[in-house]
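The values are calculated or read from the model by the stated rules, or taken from the named source; none is laboratory data. Note that the coordinates shown come from a computational prediction; the quantities given were computed from them, not determined experimentally. In this analysis, Cβ positions are derived from the backbone assuming ideal geometry, glycine residues included, and neighbour counts consider all displayed protein chains.
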Amino acid sequence: MRRPGRWMIMALVVAQSGCAADHSVETEAIGRLPGAPVPTLPQTDPDGTESSGTEPPTEPTEPTAPPSTTVPNVSTTDPPDVDSELGLGDEMFPELGAPAVDVVSYDVRLDVDADAGAFEGVVGVVADVELGVRFLALDAQQLDIASVDVGADAAEFELIGDELVIGLPEERDERVTASIAYAAAPNDVYSEAGLPAGWFQTSSGSYVLNEPDGARRWMPANDHPSDKATWRFEITVPGDETVSANGELTQRGSAGTPWIWEMDEPMSTYLVQLVIGDYELVDSEPIPSIDGGTIPMLNLAPTDLVDDLPPMLEETARQVAFFEERFGPYPLAGYGLAFVDSTPGLAMETQGRSMFDAGDFRREQLGYLQRLLLAHELAHQWFGNAVSPATWSDIWLNESFATYSQWLWLDEVGVDTLDRLAGDALSQRQNGVHSTGDPVVENLFGFESYDGGAVIVHALRLTIGEDAFFDLLRRWIFDNVGTSQATAEFIELAEEVAGVDLQTFFDEWLYATDLPDDYPA
Ligand SMILES: [Zn+2]
């Protein structure tokens, strides 16, 4: 993601405090769909505490509920520990993801009528759930769950806080197929990290922004970057709106006929693209790749921007060649640029087709900001998408490297210099409030993760030398494509490639609040 400038951050903070107030009201207002089955697991309040019903709190309400020992605390008087039992324990977002769950694929089938102000659908989840575990916990925030099937049978489910807990049969295979029918409404919500994350509706359509935890606000998901899956999207709209999602378009929709997109490469939830509205899909010249093949290009733009695409696509082709030489072959099956009416200054590296604010490119087609944004989101296809962070604390593996890549490009085309960018960022980085390697949630998308972290990438290059540095970047992608990795793995590979102990370097740069005054000589 490329965050908006400082003025925008301030506007978002103001908007966020407004949202928080609305949020609690909405939580109470949303009820079960009419006619939806009543969950048979013991009832809890949304905050996870036991409700004061007349049922004895120590017994499931129906004999068919899973035994209490296999469902996390829902049948005891203690509220379930959402963080440790239903979440992965991510340092910043402990409730996200779930232990014992590895999603293999998602099938997202939605019926979206913008005029109705809501959407409904079914998400199919194929997941491996450790044997012996009697529930599948998915992240689901403010979703109105109508019914859940596991295999061919209706399943019991319960919403505990922001978790959808689905009962699993005692006798089962490790691989589980669940199907969740639900409804939801667009939500102008901001994550704790201060950026919009959820489903957004504008006058020209709707789009999702998912980093870091927005996917769970519009679909049930194992919403953590460590769990990659393949994806299929089947989206039905009432009129002639265009639908863009990740991957390959396998069926072009029309009124009442769904648009179908398929992403066969492993993808984390935060990288999902879903844009619906008055846009055109534009094929463009495939970009030659260093590996001898070509990269198919499929773009999305509002009609008034379509004629302006060629210079941006040409810039992208030059950037691909430049980055491939340094990072290795483009790591995904395809690419494209998606221009969406969203928020000025905001851009997102949605996998295989980066998303930009159309307004940013209406003002000026290829100025400093536009070249920066195009380079930043393209570089994420290597750093973040092909290789994703294992936890949100590893955010620098995304943002510091994408920012460094953008510096390299601005230097390459002569609109700035690497020396100036690196020098300025290092002086600004002094007296930081926290280290880049150990971020805090409010500052996940702050200076220390972006330019303040690119400083560390530059220092690493100067420390291990030109050849080892670019060997390291190519190895990092080549060895890990399709997976999620932690900083410890990066450090280990850096030491292996450089052939030196780098503990002191990372202590002084990555894990320090105050950085050295000067770059290594
Ligand atoms: Zn970014």
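Things to note:
- In the stretch 364-378 there is no residue that is away from the ligand (no atom under 12 Å from the Cβ), part of a loop (DSSP other than H, G, I, E, B), at positive phi and of a type outside the set (A, V, I, L, M).
So that you can scan it fast, the table gives a plain yes or no per residue for (1) in the same structural domain as L366 (by TED's automatic domain parsing); (2) over 19 Å from W382 (Cβ atoms); (3) out of contact with any helix residue (DSSP H, G or I) (no Cβ under 8 Å at 6 or more places or on another chain); (4) without any contact (Cβ under 8 Å) to a residue 24 or more places away in the chain:
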| position | (1), (2), (3), (4) |
| --- | --- |
| A422 | no, yes, no, no |
| S427 | no, yes, yes, yes |
| G452 | no, yes, no, no |
| V455 | no, yes, no, no |
| A468 | no, no, no, no |
| D471 | no, no, no, no |
| W476 | no, no, no, no |
| A494 | no, no, no, no |
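- Residue identified as in contact with a strand residue (DSSP E or B) (Cβ under 6 Å, 6 or more places away or on another chain), touching a residue at least 60 places away in the same chain (Cβ under 8 Å) and not in a strand (DSSP E or B) among A146, A98: A98
- Some residue of the stretch 309-320 being touching a Pro at 6+ places or on another chain (Cβ under 8 Å), away from the ligand (no atom under 14 Å from the Cβ) and acidic (D, E): no
- Checking the stretch 426-435 against the condition returns no match, with no residue being within 16 Å of the ligand (Cβ to nearest atom) and surrounded by 19 or more Cβ atoms within 10 Å (Cβ to Cβ).
- Scanning the stretch 405-415 for residues that are away from the ligand (no atom under 11 Å from the Cβ) and either part of a helix (DSSP H, G or I) or not assigned by TED's automatic domain parsing to the domain that holds R474 (or both) turns up W407, L408, W409, L410, D411, E412.
- Check on V387, away from the ligand (no atom under 13 Å from the Cβ), over 23 Å from V243 (Cα atoms), crowded, with 23+ Cβ neighbours inside 10 Å and under 18 Å from the mean Cα position of the chain (by Cα): yes
- Of all residues in the stretch 180-221, those that are crowded, with 20+ Cβ neighbours inside 10 Å, part of a strand (DSSP E or B), of a type in the set (G, A, S) and on the phi < 0 side of the Ramachandran plot total 3.
- Given (1) part of a loop (DSSP other than H, G, I, E, B); (2) of a type outside the set (A, V, I, L, M, F, W, C); (3) modelled with pLDDT under 95, number of the condition E442 does not satisfy: (1)
- Checked against (1) hydrophobic (A, V, I, L, M, F, W, C); (2) assigned to a loop (DSSP other than H, G, I, E, B); (3) under 22 Å from F135 (Cα atoms), V176 passes all but a single condition, namely (2).
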